[in-house]
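Trainee: Please read through the structure below; I'll follow up with questions.
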Amino acid sequence: MKTLRILAAAAALCAAALSANAQTLKMTPQVVGVTTYEASTAVNLVVVKPEIKLDNPDPAAFAVNTNGTDRNVIAVYPCDARGDFNPEGGYLALGLEKASGRGLGLAKGNGVWRDEYSVTVSLKKGKTLKAGKQKFTAIACATDKALKDFVSEADYFNKGTFTGKATGKGGDITLTYASYEPWSLRGDGKANPLVIWL
């Protein structure tokens with residue numbers, strides 16, 4: 001009987017220690033990214049601001065719901081407030097798989113642009129996140145009101161007149177449309193080779 005009491009006390013202490021270590025990570029939804037597909041546009045990115053920088057989060061740990069639809073997270077990376085990759089960024093971008101089950105509206109020509117978009121981010125059952133010595137077993141991240149801030153693929157292009165790399169003078173190249181400059185070029189200023197295999 002004494003052994004049973006000792007085991008029960010040990011189990012209670014373990015349960016108390018586990019619940020004391022269970023922490024909820026707070027994140028704030030920032031923007032959603034819109035991309036263009038063959039038939040229409042869709043949200044493929046959610047940018048959140050965690051209260052603490054995470055250590056290599058696994059995409060499989062996250063559960064995301066956008067505007068009432070559960071989404072698969074296929075990529076997670078550090079970024080700036082607009083979702084542009086930045087290894088030192090204080091934000092986290094969640095890349096989403098294209099949602100299925102929404103094709104009927106497209107087939108009927110009923111694609112509708114929404115000015116507000118609700119987002120909920122949570123942890124899947126049994127998954128955890130780490131930040132240093134801290135371990136998080138839950139995420140608190142939902143829009144109390146729908147997001148109104150969107151980014152699109154066009155936001156990553158430089159538009160108009162900009163300083164060209166050739167001469168370094170402002171306005172030496174005037175763009176008719178836009179040009180895209182990868183983060184790696186902006187970050188280190190070094191040219192990165194482009195290999196095209198034919």
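Trainee: Check 64, 43, 32 and return the single one that is surrounded by 18 or more Cβ atoms within 10 Å (Cβ to Cβ), modelled with pLDDT of 90 or more and of a type outside the set (Lys, Arg). Spell out how you get there, then give the answer.
Mentor: On the way: 43 fails: modelled with pLDDT of 90 or more; 32 fails: modelled with pLDDT of 90 or more.
Criteria check complete, one pass: 64.
Trainee: Provide a single number: the residues in the stretch 118-150 that are in a strand (DSSP E or B) and at pLDDT below 75. Outline the logic, then answer.
Mentor: Looking only at the stretch 118-150, we keep the residues that are in a strand (DSSP E or B), and these are 119-123, 129-131, 134-142, 147, 150.
Applying the additional criterion that residues be at pLDDT below 75 yields 147, 150.
So the count comes out to 2.
Trainee: Now a separate question. Please go through the stretch 80-101 and pick out each residue that is touching a residue at least 12 places away in the same chain (Cβ under 8 Å) and of a type in the set (Asp, Glu). Spell out how you get there, then give the answer.
Mentor: If we filter the stretch 80-101 for residues that are touching a residue at least 12 places away in the same chain (Cβ under 8 Å), which is where we start, we get 81-86, 90-99, 101.
Passing the criteria: 84, 97.
Trainee: What do you reckon, is residue 56 more than 19 Å from residue 151 (Cβ to Cβ), modelled with pLDDT of 65 or more, out of contact with any strand residue (DSSP E or B) (no Cβ under 6 Å at 6 or more places or on another chain) and in the same structural domain as residue 125 (by TED's automatic domain parsing)? Show your work before the answer.
Mentor: Working: more than 19 Å from residue 151 (Cβ to Cβ): yes; modelled with pLDDT of 65 or more: yes; out of contact with any strand residue (DSSP E or B) (no Cβ under 6 Å at 6 or more places or on another chain): yes; in the same structural domain as residue 125 (by TED's automatic domain parsing): yes.
Here the answer is yes, as residue 56 does meet what is asked.
Trainee: Is it true that residue 97 is closer than 14 Å to residue 33 by Cβ, at pLDDT 60 or above and touching a strand residue (DSSP E or B) at 6+ places or on another chain (Cβ under 7 Å)?
Mentor: Details: closer than 14 Å to residue 33 by Cβ: yes; at pLDDT 60 or above: yes; touching a strand residue (DSSP E or B) at 6+ places or on another chain (Cβ under 7 Å): yes.
The answer is yes for residue 97.
The values are calculated or read from the model by the stated rules, or taken from the named source; none is laboratory data. Just so you know, these numbers come straight off a predicted model, no measurement behind them. In this analysis, Cβ positions are derived from the backbone assuming ideal geometry, glycine residues included, and neighbour counts consider all displayed protein chains.
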